[in-house]
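Undergrad: The structure that follows is given in the form of structure tokens.
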Amino acid sequence: MKYKEVPENEANNIWTKNHFRVFLSHNATFNEKASELKRELKGYGICAFVEHDEIEKALLSMEAFVALVTEDFYDSDWTSQEIGFSQAFEIPRIYVDLGGGSPKGLAANIQVLKCNWNIAYKEIFETLLKFESVRNAFLDNLKDISNYLFADEFYDCLITFDLNKEQCDKIILAYNNNSHINGNYKFNGMSGPGIIPYLNKWTGKQYELDEANKITLSTTVSTTSSTL
């Protein structure tokens, strides 16, 4: 089945610009919890949809689908339909077990994450970044983020992966143009090794920070490897 695309101007009325779009499927009895989770995810560069208007447009324009499976999740016809709808799209799908037990039916082949409400935002963020498409989306938006907490968490997750040259170029672009990245102690090396040793490892090149705190290619060849 081919679905109608949502015009970008209409999608912008649903989602926050330069944020990753995540549809949070949940039972209405947990609206307050879902809304709180939405606020927590925003600090990580994620716009979560929890409303009950424009559901179809949100489903058609989402970049990831997350099911918040509480004990009454399957009591709702809407949640079952949303899970079924998400199967039609090649996007990351995560099943968060918040007391609802094992996945049922069509949901059985999506990634399962078991946690509680208190840490759901962090677990969802870290799990989403395991998907290559999600990492690319976050790297595209990295130059525009304005949150030091997000920069901290993103750095910690980012260094656990092997990145390609294109992804490294996006990091360099963001670092050289965004004070929330180059001013972040984890990225600039004031707390830990910084991003430079990882860029060297991922690309096989030698980068350094110049006097203006910009990442540039080193003019000298290092004979030793930075310790990570």
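The values are calculated or read from the model by the stated rules, or taken from the named source; none is laboratory data. Since this is a predicted model, take the numbers as computed values, not measurements. In this analysis, Cβ positions are derived from the backbone assuming ideal geometry, glycine residues included, and neighbour counts consider all displayed protein chains.
Undergrad: Just wondering, is there one or more residues in region 1-16 that are in contact with a strand residue (DSSP E or B) (Cβ under 7 Å, 6 or more places away or on another chain), in a loop (DSSP other than H, G, I, E, B), more than 19 Å from F125 (Cα to Cα) and not aromatic (F, W, Y)?
TA: yes
Undergrad: Continuing with this model, one more query. Quick test for you: out of T203, T216, T220, pick the one residue that is in contact with a Cys (Cβ under 6 Å, 6 or more places away or on another chain) and farther than 21 Å from A64 by Cβ.
TA: T203
Undergrad: Inside region 172-200, can you point out the residues that are aliphatic (A, V, I, L, M) and either touching a residue at least 40 places away in the same chain (Cβ under 8 Å) or in contact with an Asp or Glu (Cβ under 7 Å, 6 or more places away or on another chain) (or both)?
TA: Correct list: I172, I195, I196.
Undergrad: If I filter region 79-101 for residues that are within 13 Å of the chain's Cα centre (by Cα), surrounded by fewer than 20 Cβ atoms within 10 Å (Cβ to Cβ) and within 26 Å of I181 (Cβ to Cβ), do I get at least one hit?
TA: Within region 79-101, not a single residue is within 13 Å of the chain's Cα centre (by Cα), surrounded by fewer than 20 Cβ atoms within 10 Å (Cβ to Cβ) and within 26 Å of I181 (Cβ to Cβ).
Undergrad: Test of understanding: among N182, N164, which residue is farther than 29 Å from S25 by Cα, crowded, with 18+ Cβ neighbours inside 10 Å and not assigned by TED's automatic domain parsing to the domain that holds A34?
TA: N182
Undergrad: Quick check on my filter: what residues within region 54-81 are among the charged types (D, E, K, R), closer than 30 Å to P7 by Cα and in contact with a helix residue (DSSP H, G or I) (Cβ under 7 Å, 6 or more places away or on another chain)?
TA: Passing the criteria: K57, E63.
Undergrad: Here is a follow-up. Between L98, L41, L24, which is at pLDDT below 95 and touching a Lys or Arg at 6+ places or on another chain (Cβ under 9 Å)?
TA: Residue meeting the stated conditions: L98.
Undergrad: Still on this structure, please answer the following. Check region 63-77 and report whether any residue there is at pLDDT below 85 and more than 20 Å from the chain's Cα centre (by Cα).
TA: no
Undergrad: Among the residues of region 188-206, what is the count of those that are hydrophobic (A, V, I, L, M, F, W, C), closer than 12 Å to I172 by Cβ and in a loop (DSSP other than H, G, I, E, B)?
TA: Total satisfying the criteria: 1.
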